[in-house]
Structures are given as structure tokens and as C-alpha cells.
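S.K.: A single structure is presented below for examination.
The values are calculated or read from the model by the stated rules, or taken from the named source; none is laboratory data. These figures come from a predicted structure and were not determined experimentally. All Cβ positions, even for glycine, are placed from backbone atoms using ideal geometry, and neighbour counts span all protein chains on display. Quick note on the areas: whole protein, heavy atoms, side chains included, nothing else; ligands and nucleic acids left out. Shrake-Rupley method; radii C 1.70, N 1.55, O 1.52, S 1.80 Å.
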Protein chains: 2
Amino acid sequence: MTQRVYNFSAGPAVLPESVLATAQRELMALPGAGASILEISHRSKTFREIIEAAEANLRTLLAIGDEYAVLFLQGGSRLQFSMIPMNLLTPERPSADYLLAGSWGKHAFKEAGKFGPIQIAWDGADSSYSRLPNTADLQLNSKAAYFHYTSNETIQGIQFATEPEVGDVPLVCDASSDFLHRPTPIDRYGLLYACAQKNAGPAGVTIVIVRKDLLDRSREDLPIYLNYKVQADAGSLMNTAPTFAIYIVRLVTEWLLHDIGGLENMYRQNQEKAQLLYDAIDNSGDFYQGHARLQDRSLMNVAFRLPADDLTGQFLAQAGDRGLTSLAGHRSVGGIRASIYNAMPQAGVEALRDFMLEFKESNG
Amino acid sequence: MTQRVYNFSAGPAVLPESVLATAQRELMALPGAGASILEISHRSKTFREIIEAAEANLRTLLAIGDEYAVLFLQGGSRLQFSMIPMNLLTPERPSADYLLAGSWGKHAFKEAGKFGPIQIAWDGADSSYSRLPNTADLQLNSKAAYFHYTSNETIQGIQFATEPEVGDVPLVCDASSDFLHRPTPIDRYGLLYACAQKNAGPAGVTIVIVRKDLLDRSREDLPIYLNYKVQADAGSLMNTAPTFAIYIVRLVTEWLLHDIGGLENMYRQNQEKAQLLYDAIDNSGDFYQGHARLQDRSLMNVAFRLPADDLTGQFLAQAGDRGLTSLAGHRSVGGIRASIYNAMPQAGVEALRDFMLEFKESNG
């Protein structure tokens with residue numbers, strides 16, 4: 001078998017080895033089915049049990065109430081950027097508020113503008129998206145159809161530790177890059193969505209948790225695949241669901257429940273892992289410079305710079321030689337980005353921390 | 001390992017065992033990558049090589065010219081039912097012609113009606129969708145933005161052996177259930193699309209082959225994921241592609257090229273396989289009754305009925321006992337449906353044929 005590296009990719013990202021091992025073992029034939037998960041009908045009893053288990057696991061992990069629907073959709077968060085305004089804006093409430101904390105919030109805002117007069121509740125551009133707003137900073141419109149924010153910005157490495165306070169307007173969250181990283185009070189949200197390929201599974205499925213009363217806003221003339229009400233009424237099986245990706249979500253959520261022991265434990269591990277890297281940055285005498293303001297730093301994506309660009313190249317090359325891969329910062333910001341999602345083991349983070357200390361020793 | 005059955009599912013459907021074996025072997029780590037295909041970035045060199053190989057294989061198999069773009073999208077054919085009118089209807093040509101040869105053509109037509117005054121070029125309702133039209137039967141509108149048809153109707157088991165003649169109007173085809181089953185003259189088409197989960201891969205990716213001049217019709221105000229031009233300009237990597245599903249498409253297309261030896265060979269095998277079952281039907285003295293008119297019968301989905309509904313139940317139960325599974329007809333039509341896509345081995349079809357002969361002997 002090819003040796004596995006420590007993969008710090010921002011997404012698609014590392015998965016638990018035990019999940020991969022199960023998927024590998026079952027790939028020729030699911031136990032009792034006589035066929036691969038890649039081959040069975042989305043309407044078969046076997047697959048229905050899989051999608052129901054995936055949903056049940058998510059409901060347990062996040063304590064999702066019956067007043068919410070859980071959808072498994074395709075198209076990634078990009079399609080949600082369109083679906084949210086298409087479904088949630090109404091003639092009575094044609095506008096929505098968007099908080100721009102980084103690159104993904106800006107993408108969501110730009111797309112929403114096609115569907116209504118969207119307003120900016122706050123924009124972190126002045127700080128190069130290195131800090132988050134206080135509640136008093138937000139420009140709230142009480143007539144907004146919803147308030148949209150991105151809970152973790154992967155490119156800037158900035159993350160909300162708690163939900164923003166937005167009054168009675170439904171809170172909508174792109175949680176793509178920190179979904180399931182901690183217990184989350186779903187009842188604070190009107191809609192929360194996440195593509196799976198960071199913390200929940202592989203690319204190809206996006207999870208949408210939506211309060212059922214909001215489904216009444218979906219107009220019948222929407223493109224059928226983009227209609228939340230149609231998707232909810234059909235239990236995400238209006239058409240052929242991405243069966244394999246949902247199967248992996250089931251395995252990952254089982255790992256969270258049974259191997260990790262729930263999201264409180266996951267959160268503690270994530271805090272410990274991030275602290276290892278932030279300590280290395282903070283104790284480096286400014287050799288490593290973090291991007292985000294201290295209290296807004298992400299537990300998922302640790303973004304930092306080195307004193308010179310040629311050092312960045314050396315850092316990446318030497319890290320790669322040690323099997324520490326996919327550490328280049330996003331092309332729009334450069335530097336280093338270590339994505340340390342749920343499935344990145346502590347040993348991987350320690351190996352990176354050790355390398356950071358040595359590299360600074362040799363080059364500082 | 002769990003024993004594998006002969007899986008006659010209409011989709012997701014059987015895949016070549018050698019493809020499953022490769023995917024299984026590589027699931028923990030792609031050779032040289034140190035990480036699973038489920039974990040690597042869609043922008044990594046490794047994945048770019050995979051998507052480029054998948055596209056190159058398709059271009060070779062179908063002799064697709066440079067004047068066509070090949071897209072790998074999510075959302076299934078259902079999303080194409082919306083994307084096609086959203087992208088291809090124009091203010092100058094606000095209507096399109098739809099040929100309704102079965103259930104899927106009707107679904108496509110119904111969805112398109114949300115976006116313009118769509119016209120029916122022909123409707124097989126009078127024959128319960130058991131036959132296809134002649135060219136003279138088609139009501140063609142020379143001002144149509146495009147002409148849409150479904151090349152194979154999985155539920156009715158009816159299939160076009162050649163392209164309908166529609167003049168200069170761009171021909172658009174839902175080839176979901178017979179894609180890659182024979183050489184196809186792509187230059188006859190403006191756009192041809194297929195969800196992968198019958199002949200090309202697993203659920204979760206849809207292949208769209210579109211003539212590049214038609215991309216100019218895509219308006220900038222479309223939902224970004226639904227814009228063919230945006231997707232083509234980005235090489236299907238505007239956002240995170242369904243990486244695993246595309247990897248399987250690469251493996252399936254390699255199997256077609258190297259193990260099967262191209263689509264001429266595949267077509268011959270498909271004709272031979274279908275003939276085994278149609279002979280069993282035709283020689284059964286009306287014990288088995290095929291749905292489709294003889295010259296319109298599908299090579300992919302063999303749909304037939306038994307003399308009585310209780311016999312259908314017995315047939316399904318006894319077939320299941322022999323490892324011949326997923327043979328129930330679609331719930332809308334009942335009876336038996338044997339889907340014998342590219343990857344169904346001749347041995348599986350022979351086993352079904354043998355069972356059909358025995359069952360008739362015992363019950364006829």
C-alpha cells in the first residue's frame with residue numbers, strides 16, 4: 001500500500017482512516033447486498049437505511065429538532081449561494097443581509113445580488129478580513145428575508161466562536177468549513193449548510209439543515225432541483241442522490257459518535273490541535289505571522305506568513321519531504337495554510353509543529 | 001468478501017468488476033499521492049490529471065471534436081432538465097420542441113415549461129409509449145431554440161437506434177441511460193448529456209457535451225452553477241467537482257477503451273446480450289410479453305410482463321434466490337425490467353435467460 005502523508009488540504013480534505021478502511025473493505029459488495037454502494041439503487045432498502053442512518057447520526061450529533069429538515073444535495077456551497085436567495089427571498093421581503101468576513105462570504109454576496117437588492121451588514125475589507133465584527137458593528141435590516149454569514153473563512157483563517165446576534169431575522173450560515181467541529185445550537189438558525197468535503201465526507205454532497213416553516217417560501221416555478229420544499233418533501237430522493245458520498249457521510253458521522261464520542265470531545269481535540277500551531281506561531285518572535293486577530297483565529301484553518309516569499313517556498317518543499325502536504329496558502333493570499341479539520345490526527349499536527357520549530361531554528 | 005449478485009438495477013447500476021477492484025485497491029491512497037481520491041484537492045495536479053484523462057477518454061471513445069466542450073456537473077439529469085432551457089432559450093428563440101417518448105421525456109418537458117412556451121414535437125401517449133415516431137410524425141418548429149429528446153426510455157424500455165431528423169435546430173439529447181453503449185455521431189448534436197450512474201460511473205456526476213457556439217447563449221444573470229459558459233470556461237472546476245465520481249468515470253472509460261476495445265465492440269456485445277433476452281421473450285408463446293414495438297426495443301432496458309401479477313411476484317422471488325436482483329419493473333408500469341447496461345456481463349444475461357426459460361417451463 002502507498003504510504004499515507006499528513007494531508008493539510010483545505011478541502012477535499014483528510015478523512016478518518018477507519019472510515020476509508022471500511023469503505024475499502026465494502027467497496028466490492030456491501031454486506032448482505034451483493035453489490036457495491038456504487039451500484040445499488042437510491043430507492044433500494046439498503047440505501048434507504050444508509051441515508052436514514054446518516055440523517056439520524058447528524059440529528060444526534062447536533063441535537064437537530066423535528067422542526068428542521070435535513071437535506072443531502074449536490075452542487076456544493078456554490079449552488080447554495082443561489083438556492084438560498086431563490087428560495088428565501090419573497091415579494092414581501094425581497095432583500096437580505098450579508099456579512100462579509102472573507103472570500104466565501106463575498107462570493108455568496110455576489111451571487112445573491114442576482115436575485116434581489118442584497119445589503120451588506122458588515123464588510124471586513126478594511127482589515128483585509130483579519131477580524132470579525134462586534135454585534136454593534138452590524139447594520140441590520142429588520143425587514144431582511146434572512147441574514148447570511150460564513151462561520152469559518154478557510155482562506156483568511158478566521159472563525160466565529162459563537163453565532164452573531166441578528167434579532168428575529170432567520171440566521172443563515174455557510175458552515176462548510178467548520179460543520180461538526182463543535183456542538184452547534186441549530187435552533188439559533190433558519191438554515192445552515194455545509195458541503196461535505198471538509199468535515200463530513202467527500203466532495204459531491206452538501207448538507208442543508210433548514211427550519212421547516214421556511215420551506216413555505218419556495219415558489220413552485222423554481223428549477224425543480226433547486227426547490228428546498230421539493231427536496232424536503234422527497235427526503236432528498238426526488239432524483240438519484242449522490243449515494244456514495246452519503247454513504248461516507250454515514251461512516252464519518254458514526255466515527256464522530258462512536259470513535260470520538262460526540263462533538264464536545266471533537267471540539268476539545270480541535271482546540272488542542274489548533275493551540276499547538278498557534279503556540280508555535282506566537283512563540284516564534286514574529287518569524288511566523290498569523291493573519292487573523294487573535295480572538296478570531298480559526299480552529300480549522302491556521303493561516304500564517306513567513307518573513308520572505310522564498311522562505312515560503314523552502315518551507316513548503318521541506319515540509320513535503322517529511323510527508324506534510326498541501327500547506328500552501330490560497331493563491332489569493334499566499335503564505336502557509338494548515339487545514340486541521342476533525343479528521344487530522346493530533347500526531348499530524350504535532351509533526352507540523354515540530355517542523356515549524358525546526359524550520360524557524362534553521363532560518364530565523 | 002460478500003458474494004456478488006447479478007444486479008439488473010436500472011441505475012445506479014452494475015459497474016465493471018475490474019473498475020471496482022482498482023478503486024478498492026487505491027482507496028486508502030492513490031499511487032504516488034499518499035492520500036485517498038476522497039481526500040485530495042480538486043485543484044491538485046493529481047486530480048487534474050484524472051479529470052483530464054476522463055475527458056480525453058470520452059473524446060476518444062466518442063470522437064468528440066474540439067468544437068465541443070465536455071463538462072462534469074452535479075445534480076443529475078434533473079438539473080439538466082432546468083439548465084437546458086435556462087441556458088439555451090433566448091429572447092429571439094424563446095421556445096423549444098420536445099419529443100415525449102416516455103417518462104423521462106415527459107419529466108424534461110414539464111420542467112422546461114417553467115422557462116418558455118415549450119412545444120410538443122411528438123407524444124407517444126396514444127401507444128402507452130410503446131413505439132417511437134417516424135420523421136414525418138414530428139411537428140417541427142424551425143424557430144425552436146433546440147429540439148430535445150430522450151434516446152432511451154428506461155421505464156418503457158424503448159430506444160432510438162439513430163438520431164431523429166430535425167433540420168437545422170440544435171439537437172439536444174438526454175442520453176442518460178444509453179450513453180457510451182454504441183458509437184454516437186456527436187457532431188449531429190448541439191448538446192448531449194448523461195448522468196453517469198447507468199453506463200459511465202456512479203451517481204453524483206453528469207456529463208454534458210455541448211457545442212461551444214451554444215455557450216454564447218448563457219446569460220450572466222443565471223445562477224452561477226447553472227451557467228454552462230461559466231462551467232466550460234472553468235473546465236468544470238468553478239467549484240469543487242465531485243472528484244470521486246469523476247475518478248470512477250476515468251476508470252470506466254479506460255475499461256471501455258482497453259478491456260472492451262472501444263464502442264464498436266461494446267455495441268456488438270450489447271446487441272448480443274439484448275438478443276438473448278428478446279429471443280426468450282419472442283419464443284415464449286406470449287408467456288413473456290414485451291412492452292415496446294419490436295423495432296423500437298431498448299438494448300439497455302428489457303421490459304416485459306408475465307400473464308398474471310402473482311406470477312410476477314414469484315418470478316422476482318425465485319430470481320432473487322438465484323442472485324438475479326433488481327428485476328422489478330418501475331413502480332409506474334409494473335412487470336419485469338432487466339437493465340443490461342455495458343457492465344452487465346454476458347454470463348449474467350445468460351443466467352437470467354436460463355431462468356426465464358425454466359420459469360416459463362414451470363409456469364407456462
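S.K.: Tally the residues that are open to solvent by 10 Å² or more (accessible area, probe 1.4 Å) and either more than 14 Å from chain B (Cβ to nearest Cβ) or part of a loop (DSSP other than H, G, I, E, B) (or both), restricting the search to the range A:251-260.
M.R.: 5
S.K.: Hey, another quick one. Give the range A:67-81 a look and list any residue that's open to solvent by 20 Å² or more (accessible area, probe 1.4 Å) and part of a helix (DSSP H, G or I), or say none. Talk me through it step by step, then tell me what you get.
M.R.: We begin by selecting, within the range A:67-81, every residue open to solvent by 20 Å² or more (accessible area, probe 1.4 Å); these are A:67, A:78.
Passing the criteria: only A:R78.
S.K.: A further question follows. Restrict the check to the range A:189-201 and report whether at least one residue is surrounded by fewer than 22 Cβ atoms within 10 Å (Cβ to Cβ), on the phi < 0 side of the Ramachandran plot and out of contact with any Lys or Arg (no Cβ under 9 Å at 6 or more places or on another chain).
M.R.: Scanning the range A:189-201, I find no residue that is surrounded by fewer than 22 Cβ atoms within 10 Å (Cβ to Cβ), on the phi < 0 side of the Ramachandran plot and out of contact with any Lys or Arg (no Cβ under 9 Å at 6 or more places or on another chain), so the answer is no.
S.K.: Here is a further query. When you look at B:A274, is it part of a loop (DSSP other than H, G, I, E, B) and open to solvent by less than 10 Å² (accessible area, probe 1.4 Å), yes or no? Even if it seems obvious, please write down each step before you answer.
M.R.: Working: part of a loop (DSSP other than H, G, I, E, B): no; open to solvent by less than 10 Å² (accessible area, probe 1.4 Å): yes.
So B:A274 fails the test.
S.K.: Further question on the same structure: Please work out if B:I84 is aliphatic (A, V, I, L, M) and in a helix (DSSP H, G or I).
M.R.: Working: aliphatic (A, V, I, L, M): yes; in a helix (DSSP H, G or I): yes.
For B:I84, the condition - aliphatic (A, V, I, L, M) and in a helix (DSSP H, G or I) - is met.
S.K.: Which of (1) open to solvent by 30 Å² or more (accessible area, probe 1.4 Å); (2) in a helix (DSSP H, G or I) does A:P31 not meet, given it meets every other one?
M.R.: All conditions are met except number (2).
S.K.: Next question, about the same structure. Which of the residues spanning the range A:341-364 are closer than 16 Å to A:R4 by Cβ and assigned to a loop (DSSP other than H, G, I, E, B)?
M.R.: Result: A:Y341, A:A343, A:M344, A:P345.
S.K.: Can you name the condition, by its number, that B:A317 falls short on among (1) in contact with a strand residue (DSSP E or B) (Cβ under 9 Å, 6 or more places away or on another chain); (2) of a type in the set (G, A, S); (3) part of a helix (DSSP H, G or I)?
M.R.: (1)
S.K.: Test of understanding: among B:I64, B:I40, B:I120, which residue is open to solvent by 10 Å² or more (accessible area, probe 1.4 Å), of a type in the set (A, V, I, L, M, F, W, C) and farther than 30 Å from A:M238 by Cα? It would help to see each step written out before you state the result.
M.R.: Values: B:I40 fails: farther than 30 Å from A:M238 by Cα; B:I120 fails: farther than 30 Å from A:M238 by Cα.
Step by step, each of B:I64, B:I40, B:I120 is checked, and only B:I64 is open to solvent by 10 Å² or more (accessible area, probe 1.4 Å), of a type in the set (A, V, I, L, M, F, W, C) and farther than 30 Å from A:M238 by Cα.
S.K.: Hey, can you tell me all the residues within the range B:141-159 that are of a type in the set (A, V, I, L, M, F, W, C) and touching a Phe, Trp or Tyr at 6+ places or on another chain (Cβ under 7 Å)?
M.R.: Our first condition is that a residue be of a type in the set (A, V, I, L, M, F, W, C); within the range B:141-159, this holds for B:144-145, B:147, B:155, B:158.
The one that is of a type in the set (A, V, I, L, M, F, W, C) and touching a Phe, Trp or Tyr at 6+ places or on another chain (Cβ under 7 Å): B:I158.
S.K.: Follow-up. Hey, can you tell me all the residues within the range A:14-27 that are buried (at least 22 other Cβ atoms within 10 Å of the Cβ) and either part of a loop (DSSP other than H, G, I, E, B) or free of Cβ contacts under 8 Å to residues at least 40 places away in the same chain (or both)? Spell out the reasoning first.
M.R.: First, pick out the residues of the range A:14-27 that are buried (at least 22 other Cβ atoms within 10 Å of the Cβ): A:14-15, A:19-20, A:23.
The answer is A:V14, A:L15, A:L20.
S.K.: Whether any residue in the range A:13-29 is within 30 Å of A:H181 (Cβ to Cβ), among the polar types (S, T, N, Q) and touching a Phe, Trp or Tyr at 6+ places or on another chain (Cβ under 7 Å) is what I want to check.
M.R.: Our first condition is that a residue be within 30 Å of A:H181 (Cβ to Cβ); within the range A:13-29, this holds for A:13-27.
Checking which are among the polar types (S, T, N, Q) leaves us with A:18, A:22, A:24.
Pick out the ones that are also touching a Phe, Trp or Tyr at 6+ places or on another chain (Cβ under 7 Å) and you get A:18.
The answer is yes, given that some residue of the range A:13-29 is within 30 Å of A:H181 (Cβ to Cβ), among the polar types (S, T, N, Q) and touching a Phe, Trp or Tyr at 6+ places or on another chain (Cβ under 7 Å).
S.K.: Same structure, new question: Of the residues B:L357, B:L294, B:L263, which is out of contact with any Gly (no Cβ under 8 Å at 6 or more places or on another chain) and buried (at least 19 other Cβ atoms within 10 Å of the Cβ)? Lay out the reasoning, then the answer.
M.R.: Working: B:L357 fails: buried (at least 19 other Cβ atoms within 10 Å of the Cβ); B:L294 fails: buried (at least 19 other Cβ atoms within 10 Å of the Cβ).
From the options B:L357, B:L294, B:L263, the qualifying one is B:L263.
S.K.: Can you tell me which residue in the range A:227-250 is farthest from the other protein chains (Cβ to nearest Cβ), limited to those that are aliphatic (A, V, I, L, M) and crowded, with 24+ Cβ neighbours inside 10 Å? I'd like the intermediate steps shown before the answer.
M.R.: Within the range A:227-250, the first condition is being aliphatic (A, V, I, L, M), and the residues that meet it are A:230, A:232, A:234, A:237-238, A:241, A:245-246, A:248-249.
Then drop every residue that is not crowded, with 24+ Cβ neighbours inside 10 Å, which leaves A:241, A:245-246, A:248-249.
Details: A:A241: 7, A:A245: 6, A:I246: 9, A:I248: 7, A:V249: 11 Å.
Out of the qualifying residues, it is A:V249.
S.K.: Looking only at residues that are without any contact (Cβ under 8 Å) to a residue 12 or more places away in the chain and within 28 Å of the chain's Cα centre (by Cα) in the range B:311-328, which one is nearest to B:V349 (Cα to Cα)?
M.R.: Narrowing the range B:311-328 to residues without any contact (Cβ under 8 Å) to a residue 12 or more places away in the chain: B:313, B:317, B:320-321.
Then keep just the ones that are within 28 Å of the chain's Cα centre (by Cα); that gives B:313, B:317, B:320.
Working: B:G313: 20, B:A317: 17, B:G320: 14 Å.
Only one residue fits best here, namely B:G320.
S.K.: Can you tell me which residues in the range A:167-183 are buried (at least 24 other Cβ atoms within 10 Å of the Cβ) and away from chain B (no Cβ under 14 Å)? Let's see the steps before the verdict.
M.R.: In the first step, residues of the range A:167-183 are kept if they are buried (at least 24 other Cβ atoms within 10 Å of the Cβ); the result is A:172-181.
Within the range A:167-183, A:V172, A:C173, A:A175, A:D178, A:F179, A:L180, A:H181 qualify.
S.K.: Moving to a separate point now. Of the conditions (1) within 7 Å of another protein chain (Cβ to nearest Cβ); (2) in contact (Cβ under 8 Å) with a residue 12 or more places away in the chain; (3) within 21 Å of A:A203 (Cβ to Cβ); (4) not in a helix (DSSP H, G or I), A:S36 satisfies every one except a single condition; which number is it?
M.R.: If we test A:S36 against (1) within 7 Å of another protein chain (Cβ to nearest Cβ); (2) in contact (Cβ under 8 Å) with a residue 12 or more places away in the chain; (3) within 21 Å of A:A203 (Cβ to Cβ); (4) not in a helix (DSSP H, G or I), just (2) comes out false.
S.K.: Can you name every residue in the range B:1-10 that is more than 7 Å from chain A (Cβ to nearest Cβ) and either open to solvent by 10 Å² or more (accessible area, probe 1.4 Å) or at pLDDT below 95 (or both)?
M.R.: B:Y6, B:A10, listed by residue number.
S.K.: Next question. Could you list, in sequence order, all residues of the range B:320-340 that are assigned to a loop (DSSP other than H, G, I, E, B) and aliphatic (A, V, I, L, M)? Break it down into steps so the answer makes sense when it comes.
M.R.: Within the range B:320-340, the first condition is being assigned to a loop (DSSP other than H, G, I, E, B), and the residues that meet it are B:322-323, B:326-327, B:329-335, B:340.
Across the range B:320-340, the qualifying residues are B:L327, B:V333, B:I340.
S.K.: Within the range B:49-61, can you find the residues that are within 16 Å of B:Y247 (Cβ to Cβ), free of Cβ contacts under 8 Å to residues at least 40 places away in the same chain and surrounded by fewer than 20 Cβ atoms within 10 Å (Cβ to Cβ)? Give the derivation first.
M.R.: Step one: filter the range B:49-61 for residues within 16 Å of B:Y247 (Cβ to Cβ), giving B:49-58.
Filter once more, keeping what is free of Cβ contacts under 8 Å to residues at least 40 places away in the same chain: B:49, B:52, B:55-56.
Listed by number, the residues that qualify are B:E49, B:E52, B:A56.
S.K.: Please tell me if A:M300 is within 14 Å of chain B (Cβ to nearest Cβ) and touching a Lys or Arg at 6+ places or on another chain (Cβ under 8 Å). Step through it out loud before you land on a result.
M.R.: Working: within 14 Å of chain B (Cβ to nearest Cβ): no; touching a Lys or Arg at 6+ places or on another chain (Cβ under 8 Å): yes.
So A:M300 does not fit the description; no.
S.K.: Go through (1) open to solvent by less than 10 Å² (accessible area, probe 1.4 Å); (2) in contact with a helix residue (DSSP H, G or I) (Cβ under 9 Å, 6 or more places away or on another chain); (3) within 14 Å of chain A (Cβ to nearest Cβ) and name the single condition B:S284 misses.
M.R.: With respect to (1) open to solvent by less than 10 Å² (accessible area, probe 1.4 Å); (2) in contact with a helix residue (DSSP H, G or I) (Cβ under 9 Å, 6 or more places away or on another chain); (3) within 14 Å of chain A (Cβ to nearest Cβ), B:S284 is out only on (3).
S.K.: Another question, if that's okay. Out of the residues in the range A:90-116 meeting the condition of being open to solvent by 10 Å² or more (accessible area, probe 1.4 Å) and touching a residue at least 60 places away in the same chain (Cβ under 8 Å), tell me which one is farthest from the other protein chains (Cβ to nearest Cβ).
M.R.: A:T90
S.K.: Free of Cβ contacts under 8 Å to residues at least 12 places away in the same chain, open to solvent by 10 Å² or more (accessible area, probe 1.4 Å) and among the basic types (K, R), is that true of B:R331? Lay out the reasoning, then the answer.
M.R.: Values: free of Cβ contacts under 8 Å to residues at least 12 places away in the same chain: yes; open to solvent by 10 Å² or more (accessible area, probe 1.4 Å): yes; among the basic types (K, R): yes.
Taking the combined requirement at face value, the residue satisfies it.
S.K.: So, one more: Among the residues of the range A:297-305, is there at least one that is open to solvent by less than 20 Å² (accessible area, probe 1.4 Å), assigned by TED's automatic domain parsing to the domain that holds A:Q24, touching a residue at least 24 places away in the same chain (Cβ under 8 Å) and of a type in the set (V, I, T)?
M.R.: As a first pass, look at the range A:297-305 and keep what is open to solvent by less than 20 Å² (accessible area, probe 1.4 Å): A:298, A:300-304.
From what's left, assigned by TED's automatic domain parsing to the domain that holds A:Q24: none.
Within the range A:297-305, not a single residue is open to solvent by less than 20 Å² (accessible area, probe 1.4 Å), assigned by TED's automatic domain parsing to the domain that holds A:Q24, touching a residue at least 24 places away in the same chain (Cβ under 8 Å) and of a type in the set (V, I, T).
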